[in-house]
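The values are calculated or read from the model by the stated rules, or taken from the named source; none is laboratory data. Every value quoted in this text rests on a predicted model; they were computed, and no experiment measured them. Glycine also receives a Cβ, built like all others from the backbone with ideal geometry; neighbour counts cover every protein chain displayed. For the accessible areas, the whole protein counts, side chains as well, though only heavy atoms, and no ligand, DNA or RNA atoms are used. Shrake-Rupley method; radii C 1.70, N 1.55, O 1.52, S 1.80 Å.
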Amino acid sequence: MTLFNLLFFFLAQFGAGAQNGALVTKNFKFADGVYRSHEELRKNMPTIQWDSMSANLFTNPQTLLMQVEYLRYRNSRRPIGLDSIQYVVVDGIPYVHLPKFAAKKLSETFVGLIARGKICYFGYETTDTLKVPISAFNPLTGKPYMTQKVDTEKRKVHEKLLLFETGEVKDFTLQNFKNWISDDQKLLKSVEGMTRQEIREKLFKTLLIYDDRNPVYTSK
């Protein structure tokens, strides 16, 4: 490759990045604030910036779950409707609104994007209360003499994929993941050749590899 061609190549790459916006990596810091739509997140332009608000919220650094009791405009003290918010960004990390939690909690729940890139990832747990029949047995006969239903809590793990370019969210299943990485045939073949054990151990790491190999940018 000649010096002229090299210069043209690098200028083209730089120009593409500048035209599309900032490169979204796993460590990319978004502008803090409230985002009412995914399009605003793509543009990295919050509806309301953080310094214009006051808030009462708590974030668990281990689960990345955020409980938001209220958000208010700092000057007028007017409340900001939480049901109209799609993302809250704190310290550069986008937190996705989980409105179904509101039925069980006094506050609204958001969860942070653990992986950021062309395919983003977030996960959380829910607890369901189930009625499970429990029997008492006669020690002499070994037969049950009384059965009653007892409340039992069952935890469920939810793993989600979010496509940064569209905001579409799907369950993090093998098939959904394969569908979304079909534009990277080499990586797709690698996934298709994995054993079940390798899928359990390496699928999330493969997602990070895909994001590294397939850059995405904020839009302008």
| said: Taking the condition of being part of a strand (DSSP E or B) and of a type outside the set (Ser, Thr, Tyr), how many residues in the stretch 51-87 meet it? | reply: 14
| task | Quick one: count up the residues across the stretch 194-220 that are free of Cβ contacts under 8 Å to residues at least 40 places away in the same chain, in a loop (DSSP other than H, G, I, E, B) and either of a type outside the set (Ser, Thr, Tyr) or in contact with a strand residue (DSSP E or B) (Cβ under 9 Å, 6 or more places away or on another chain) (or both). | result | 1
| message | Val191 - would you say it is free of Cβ contacts under 8 Å to residues at least 60 places away in the same chain, surrounded by 12 or more Cβ atoms within 10 Å (Cβ to Cβ) and of a type in the set (A, V, I, L, M)? | response | yes
| Counting just the residues of the stretch 35-59 that are under 21 Å from Ile114 (Cβ atoms) and of a type in the set (Ser, Thr, Tyr), which one comes out surrounded by the most Cβ atoms within 10 Å (Cβ to Cβ)? | Tyr35
| message | Just to check your reading of the model, which residue among Asp51, Asp83, Asp32 is within 20 Å of the chain's Cα centre (by Cα), of a type in the set (Asp, Glu) and modelled with pLDDT of 90 or more? | response | Asp32
| said: Cβ-Cβ under 9 Å, sequence separation 6+ or interchain: first residue in the stretch 41-56 and within 19 Å of Glu168 (Cα to Cα), partner open to solvent by 50 Å² or more (accessible area, probe 1.4 Å) and modelled with pLDDT under 95. Which pairs? | reply: Lys43/Lys220
